[in-house]
Amino acid sequence: MRLDRKVALVTGGGSGIGEGAAKAFARAGAAVAVVDLRPGPAESVARAIRDEGGTAEAFVADVSKEDQIGTAIHRAAERFDGLHIVFANAGINGMQTPIEEMTLDEWHQTIETNLTGTFLTVKHAIPHLRAAGGGSIVITASVNGNVLFSLPGYACYSTSKAGQVAFAKMAAAELARWGIRVNAILPGGVSTNIGERTYRRNVEKVTYDIRMPRPWPPLTGRPATPDEVAELVLFLASDASRNITGGEFLIDAGLSLLRG
Ligand SMILES: NC(=O)c1ccc[n+]([C@@H]2O[C@H](COP(=O)([O-])OP(=O)(O)OC[C@H]3O[C@@H](n4cnc5c(N)ncnc54)[C@H](O)[C@@H]3O)[C@@H](O)[C@H]2O)c1
């Protein structure tokens with residue numbers, strides 16, 4: 001799973017799963033463009049990679065703004081002389097609330113970050129991946145919206161995550177002709193800072209009377225670490241997965257096997 005002489009771009013690279021993947025890519029030999037909305041975290045991850053002897057640079061962009069993410073991808077490809085791996089990972093939980101109380105602005109915020117941001121990241125990466133003769137795109141979706149529908153108030157988030165998987169499969173079929181692979185990962189719970197971008201309003205009005213089995217998830221009884229998720233992302237980014245495209249990969253320690 002080496003990535004020597006490869007250039008990788010990670011959105012949401014300033015924290016959590018993106019940070020873990022950026023560091024894993026760098027340790028595997030890739031030059032890494034760390035893209036995030038927040039300059040401080042992006043720069044600190046890039047600096048940590050450089051301090052370890054790796055190659056990385058921070059790029060600030062909101063993935064939901066076409067000019068910003070398009071420019072960041074273009075600049076990263078120029079800076080590192082190409083692009084081979086794209087991890088479209090930036091995302092938010094957004095507002096967790098009953099559907100009838102969700103404002104259109106709240107709906108747009110989550111859909112535009114998670115789903116439109118994925119589309120824009122992939123769209124602007126394609127010319128560079130084609131120029132490189134192929135590449136690998138990995139998209140962070142979720143168990144929510146794909147195999148689990150039990151988190152109250154997450155209708156918008158789950159819709160965005162289901163949309164990402166459909167988009168990944170359509171893109172995998174369309175881009176195969178250029179040797180570009182596209183896969184989606186479906187994490188269960190992961191210990192990250194996503195709670196800082198999670199808001200709740202009146203969600204108790206729509207909660208269910210269900211009890212999850214213990215331990216949950218059954219394999220570990222704890223959330224995954226970003227580094228554990230990063231190993232799956234590294235596999236999908238690397239040539240070790242060269243025959244795999246259009247796949248959706250659960251990484252949830254068996255969480256979705258048992259329903260409350
Ligand atoms: N943490 C979990 O349990 C979990 C489970 C399943 C899926 N996911 C998904 O994993 C992905 C990463 O989340 P995380 O848990 O690492 O969260 P995190 O909040 O720790 O990291 C996400 C990063 O994305 C950045 N970001 C947010 N909006 C952005 C935007 N518009 N443009 C650019 N960057 C932006 C944030 O600044 C942050 O640094 C998300 O897509 C999330 O939906 C997380």
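What the table shows:
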read-out	value
Residue that is surrounded by the fewest Cβ atoms within 10 Å (Cβ to Cβ) [pool: residues in the stretch 238-253 that are more than 15 Å from the ligand (Cβ to nearest atom) and outside any helix (DSSP H, G or I)]	N243
Residues of the stretch 173-205 satisfying the condition of being crowded, with 19+ Cβ neighbours inside 10 Å and under 16 Å from the mean Cα position of the chain (by Cα)	R181, V182, N183, A184, I185, L186, P187, G188, V190, T192
Number of the exception - G246 against (1) farther than 22 Å from G117 by Cβ; (2) under 16 Å from the mean Cα position of the chain (by Cα)	(1)
Pairs, first under 20 Å from F87 (Cβ atoms) in the stretch 210-231, second in a helix (DSSP H, G or I), C-beta under 6 Å, six or more apart	P226/G16; P226/I17; P226/G20; D227/G20; V229/I17; A230/G20; A230/A21; A230/A24
Residue in the stretch 79-91 that is more than 24 Å from V165 (Cα to Cα), out of contact with any strand residue (DSSP E or B) (no Cβ under 7 Å at 6 or more places or on another chain) and free of Cβ contacts under 8 Å to residues at least 40 places away in the same chain present	no
Enumeration of residues in the stretch 163-196 that are closer than 16 Å to A88 by Cβ, away from the ligand (no atom under 16 Å from the Cβ) and without any contact (Cβ under 8 Å) to a residue 24 or more places away in the chain	M170, E174
Subset of the stretch 22-44 (residues that are more than 9 Å from the ligand (Cβ to nearest atom) and either of a type in the set (A, V, I, L, M, F, W, C) or within 12 Å of F87 (Cα to Cα) (or both))	A22, A24, F25, A26, A28, A30, A31, V32, A33, V34
The stretch 3-17: number of residues that are of a type outside the set (D, E, K, R) and either surrounded by fewer than 24 Cβ atoms within 10 Å (Cβ to Cβ) or near the ligand (Cβ under 6 Å from one of its atoms) (or both)	7
Extreme residue, nearest to G91 (Cα to Cα), among residues of the stretch 45-75 that are within 15 Å of the ligand (Cβ to nearest atom) and of a type in the set (D, E)	D62
Cross-chain or 6+ apart pairs with Cβ under 7 Å, the stretch 148-160 first and free of Cβ contacts under 8 Å to residues at least 24 places away in the same chain, then surrounded by fewer than 19 Cβ atoms within 10 Å (Cβ to Cβ) and assigned to a loop (DSSP other than H, G, I, E, B)	S158/F149
Candidates R50, R130, filtered to the one that is out of contact with any Gly (no Cβ under 6 Å at 6 or more places or on another chain), among the basic types (K, R) and closer than 16 Å to A8 by Cβ	R50
Every pair of residues 6+ apart whose Cβ atoms lie under 7 Å, when the first sits in the stretch 106-124 and is at negative phi while the second is of a type in the set (F, W, Y) and in a helix (DSSP H, G or I)	T110/Y157; T118/F167; F119/F167
Residues within the stretch 209-220 that are more than 12 Å from L258 (Cβ to Cβ) and either within 28 Å of the chain's Cα centre (by Cα) or part of a helix (DSSP H, G or I) (or both), tallied	1
Failed condition for F235, given (1) surrounded by 13 or more Cβ atoms within 10 Å (Cβ to Cβ); (2) within 22 Å of G13 (Cβ to Cβ); (3) within 16 Å of the ligand (Cβ to nearest atom)	(3)
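Each reported figure results from applying straightforward, stated rules to the coordinates on display, with no laboratory input. Computed from a prediction, not measured in an experiment: that's the story for all the values here. For neighbour counting, all protein chains shown are included, and Cβ atoms are generated from backbone atoms with ideal geometry for every residue, glycine included.
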